[in-house]
Amino acid sequence: MLAPLIAATLLAAAPATPLDTVKAGNADVQKAANAPGATVDQLAAVVEKFVDFEELAKRALGKHWGELKPAQQKEFAETMKGLLRASYAQKAIGQANADVKYGKETIKGDEATVNTTITVKKDQIPVDYRLYKTAGKGSSWRIFDVVTDEVSLVETYAGQFSKLWDTKGYEGLLSTLKAKRAQLEKNAANTKASDVSANGEAAASTGAADVKAPAGQSAPAGKK
């Protein structure tokens, strides 16, 4: 009796692997998306539990992150966090009822990749999740990038950020992001998950919101 109890205790105490994190995240999204009256805003709160939007924003800004003052870094991270929550949640909803097959888990130091294939309406779409391991006691694996059909969410934003930074500088980039965030959050608060998932469109998207400058300015499921 003692041996099984010890084994069960050790298993319960074992930290979640990158694959565990992705599977749990997909399961939570599926459950939340299928709840009666679920909204995109509610889904965003669920997604935030396993996707580190601040880390995604930092990596997308690249070398420019180090050029910002601490107060600017905080403002940028918070702005992008709001934008990404709404945008990514809408895309995640589209995968809520998709068939997800889990493939290889690759761990290299404090970063990992989990390969999956999502099937929606007979279309098979490769979706890879990139994760990093948080530091300190109680460390866990967090998603910081999603690569859909070889298109990276981080790299997509990085390209848009670079163009806006080069033409408008930090303030111009931040202003554009704030406007996009306000638009997405307004839509998300009043959009039901069923309205987004009905067409399955999200499964084929990176989940990135288009943050190009507005007129007058230069220019990111079921289990198996």
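Taking the number of Cβ atoms within 10 Å of each Cβ as an exposure proxy, the fewest-first ranking of Ser140, Ser162, Ser87 is Ser140, Ser162, Ser87. The distance linking region 146-171 with region 44-83 is 13 Å (Cα centroid to Cα centroid, whole angstrom).
Listing Trp65, Trp141 from fewest to most neighbouring C-beta atoms within 10 Å gives Trp65, Trp141. Legend: ranking of residues Asp128, Asp20 from fewest to most surrounding C-beta atoms inside 10 Å; resulting order Asp20, Asp128. In terms of its C-alpha gyration tensor, region 34-142 comes out oblate, because a/c is 1.5 or above while a/b does not outweigh b/c. Scalar couplings 3J(HN,Hα) for region 141-146, obtained by applying the Karplus form with A = 6.51, B = -1.76, C = 1.60 to θ = phi - 60°, are 8, 10, 7, 10, 7, 10 Hz; x denotes Gly and Pro. A simple charge model with +1 on the Cβ of Lys and Arg, -1 on the Cβ of Asp and Glu and nothing else charged puts the dipole of region 100-162 at about 300 debye relative to its Cα centre.
Trypsin sites (Lys or Arg not before Pro) within region 133-189: which are DSSP loop residues with at most 11 other Cβ atoms inside 10 Å? Passing both the DSSP loop test and the Cβ count: Lys137.
Applying a threshold of 20 Å to the alpha-carbon distances of Lys69/Lys168; Lys63/Lys163; Lys31/Lys122; Lys49/Lys104; Lys31/Lys91 flags Lys31/Lys122; Lys49/Lys104 as lying beyond it.
The numbers here are math on the coordinates, done by the rules we state, and not lab data. Source: prediction; values computed, not measured. Backbone-built Cβ (ideal geometry, glycine too); neighbour counts: all protein chains shown.
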